[in-house]
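Working notes, structure below.
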Amino acid sequence: MQLINGKEISMQIKDELKVKVEELKKEGKEVTLAVILVGDDPASAVYVGNKKKACEYIGINSLSYELPASTTREELLSLISKLNNDEKVNGILVQLPLPKHINEDEIIKAIDPSKDVDGFHPENVGRLSIGQKGFVSCTPAGVIELLKRSGISIEGKNCVVIGRSNIVGKPMAMLLLRENGTVTITHSRTADLKSVTSKADILVVAIGKPKFITADYVKEGAVVIDVGIHRMENKKLCGDVDFDDVAEKTSFITPVPGGVGPMTIAMLMKNCVESVL
Ligand code: BQF
């Protein structure tokens, strides 16, 4: 079993981006990301903090908008419109989830697709599905980058994705398909999940249930990528995969923390740099 060190690989990517941003500065080009956080969800605050720290490390300007949970859709839409029209702003990120009284789809649709560094706008989702250039959702993009930089080939492999969210599962499947994987998407209504996952050469797990995937779901020698993130009672983080049970059966596995999570941030930074090119 080989541990895939997402922290280390993400650092490598961030260092590459730092060089790129310095070069852009010599050409008089700056990179600026606007980060919008609505409400006071503690996990969201941590994620936004991680993104701002990464910007600082790389040399990307970050503009921070922290709005109360009582913010109306009109107020949020008007901020987005202002940022869409601000030529100094290259990327706009609205941290999800939003408070329940605001429709996320409407907000995402309001972001200029050319500044949609999260890759959530329907235009960018559509582009991914028909093989055109565009911003790709950061977490699944990070998973592909982890596989490539670990020397794991996707072509011809039996790839099984657990989870069908718009942010992870669906774009993950599209990306694996683009790399010529043979892709199966499973979800909460899948009959006999175990029989499907135990045929996977590459298993990407985004279920949202702590330590759900045990050794009996995994084929001997498989690559297991854990997208889940949960905070346990003892404050420690764990994934959707029961790491201690599964690890010895795999050829490669990602830990939580330090696996996919840091790659999500690195790919966001990559999208920000690409938004100025
Ligand atoms: C690590 C996220 C669920 C819902 C909304 C590093 C992050 C997490 C873990 C991070 C995530 C998860 C983010 C680690 C951003 C990934 O060391 O393991 C970084 O900041 N993430 C988000 O913005 O929104 C989410 C998960």
With the structure loaded, tell me whether Val241 is aliphatic (A, V, I, L, M) and either within 14 Å of the ligand (Cβ to nearest atom) or open to solvent by 50 Å² or more (accessible area, probe 1.4 Å) (or both) or whether it fails that test.
yes
Any residue that is in contact (Cβ under 8 Å) with a residue 40 or more places away in the chain, touching a strand residue (DSSP E or B) at 6+ places or on another chain (Cβ under 6 Å), open to solvent by 70 Å² or more (accessible area, probe 1.4 Å) and not in a strand (DSSP E or B) - is there at least one of those in the stretch 87-103?
yes
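Taking the residues in the stretch 252-277 that are part of a loop (DSSP other than H, G, I, E, B) and near the ligand (Cβ under 7 Å from one of its atoms) as candidates, determine which candidate is least open to solvent (accessible area, probe 1.4 Å). Spell out the reasoning first.
Narrowing the stretch 252-277 to residues part of a loop (DSSP other than H, G, I, E, B): 254-259, 275-277.
Of the ones still in play, those that are also near the ligand (Cβ under 7 Å from one of its atoms) are 256-259.
Details: Val256: 36, Pro257: 83, Gly258: 20, Gly259: 1 Å².
Across the stretch 252-277, the extreme among qualifying residues is Gly259.
Would you check if Asp226 is without any contact (Cβ under 8 Å) to a residue 40 or more places away in the chain and within 16 Å of Val143 (Cα to Cα)?
Working: without any contact (Cβ under 8 Å) to a residue 40 or more places away in the chain: yes; within 16 Å of Val143 (Cα to Cα): yes.
The answer is yes for Asp226.
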Which condition does Ser129 not pass, out of (1) closer than 27 Å to Pro257 by Cα; (2) open to solvent by 20 Å² or more (accessible area, probe 1.4 Å), if it passes all the others?
(1)
Is there a residue in the stretch 67-76 that is in a helix (DSSP H, G or I), buried (at least 20 other Cβ atoms within 10 Å of the Cβ), over 21 Å from the mean Cα position of the chain (by Cα) and of a type in the set (A, V, I, L, M)?
yes
Glu233 meets each of (1) under 30 Å from Glu123 (Cβ atoms); (2) over 20 Å from the mean Cα position of the chain (by Cα) with one exception, condition (1)
Scan of the stretch 182-208 for residues that are in a loop (DSSP other than H, G, I, E, B) and either in contact with a His (Cβ under 8 Å, 6 or more places away or on another chain) or not charged (D, E, K, R) (or both), ordered by number:
His187, Ser188, Thr190, Ala191, Ser198, Ala200, Ala206, Ile207, Gly208
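Is there a residue being of a type in the set (Asp, Glu) and over 22 Å from Met263 (Cβ atoms) anywhere in the stretch 72-82? Quick ask: steps written out before the conclusion?
We begin by selecting, within the stretch 72-82, every residue of a type in the set (Asp, Glu); these are 74-75.
From what is left, the residues that are over 22 Å from Met263 (Cβ atoms) are 74-75.
Within the stretch 72-82, one or more residues are of a type in the set (Asp, Glu) and over 22 Å from Met263 (Cβ atoms).
Considering only residues that are of a type outside the set (Lys, Arg) and within 16 Å of the ligand (Cβ to nearest atom), which ones fall in the stretch 78-101? Lay out the reasoning, then the answer.
Within the stretch 78-101, the first condition is being of a type outside the set (Lys, Arg), and the residues that meet it are 78-81, 83-87, 89-99, 101.
If the condition is that a residue be of a type outside the set (Lys, Arg) and within 16 Å of the ligand (Cβ to nearest atom), then Gly91, Ile92, Leu93, Val94, Gln95, Leu96, Pro97, Leu98, Pro99 are the ones that fit.
Condition check: open to solvent by 30 Å² or more (accessible area, probe 1.4 Å), within 16 Å of the ligand (Cβ to nearest atom) and on the phi > 0 side of the Ramachandran plot. Does Lys235 satisfy that?
It is true that Lys235 is open to solvent by 30 Å² or more (accessible area, probe 1.4 Å), within 16 Å of the ligand (Cβ to nearest atom) and on the phi > 0 side of the Ramachandran plot.
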Quick one: is Val48 over 15 Å from Pro99 (Cα atoms), surrounded by 15 or more Cβ atoms within 10 Å (Cβ to Cβ) and at pLDDT 95 or above?
yes
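Name the residue that is surrounded by the most Cβ atoms within 10 Å (Cβ to Cβ), counting only residues in the stretch 1-34 that are small (Gly, Ala, Ser) and assigned to a helix (DSSP H, G or I).
Of all residues in the stretch 1-34, those small (Gly, Ala, Ser) come to 6, 10, 28, 34.
The next check asks that each one be assigned to a helix (DSSP H, G or I); those that pass are 6, 10.
Working: Gly6: 29, Ser10: 26.
If we take residues in the stretch 1-34 being small (Gly, Ala, Ser) and assigned to a helix (DSSP H, G or I), then Gly6 is surrounded by the most Cβ atoms within 10 Å (Cβ to Cβ).
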Does Ile58 count as open to solvent by less than 40 Å² (accessible area, probe 1.4 Å), within 19 Å of the chain's Cα centre (by Cα) and free of Cβ contacts under 8 Å to residues at least 40 places away in the same chain?
no
Out of the residues in the stretch 104-121 that are touching a residue at least 40 places away in the same chain (Cβ under 8 Å) and either assigned to a helix (DSSP H, G or I) or in contact with a Lys or Arg (Cβ under 7 Å, 6 or more places away or on another chain) (or both), state the one that is farthest from Thr264 (Cα to Cα).
Ser114
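The values are calculated or read from the model by the stated rules, or taken from the named source; none is laboratory data. Quick caveat: nothing in here was measured; it's all calculated off a predicted structure. Virtual Cβ from ideal backbone geometry, glycine too; neighbours counted across all protein chains shown. Quick note on the areas: whole protein, heavy atoms, side chains included, nothing else; ligands and nucleic acids left out. Shrake-Rupley method; radii C 1.70, N 1.55, O 1.52, S 1.80 Å.
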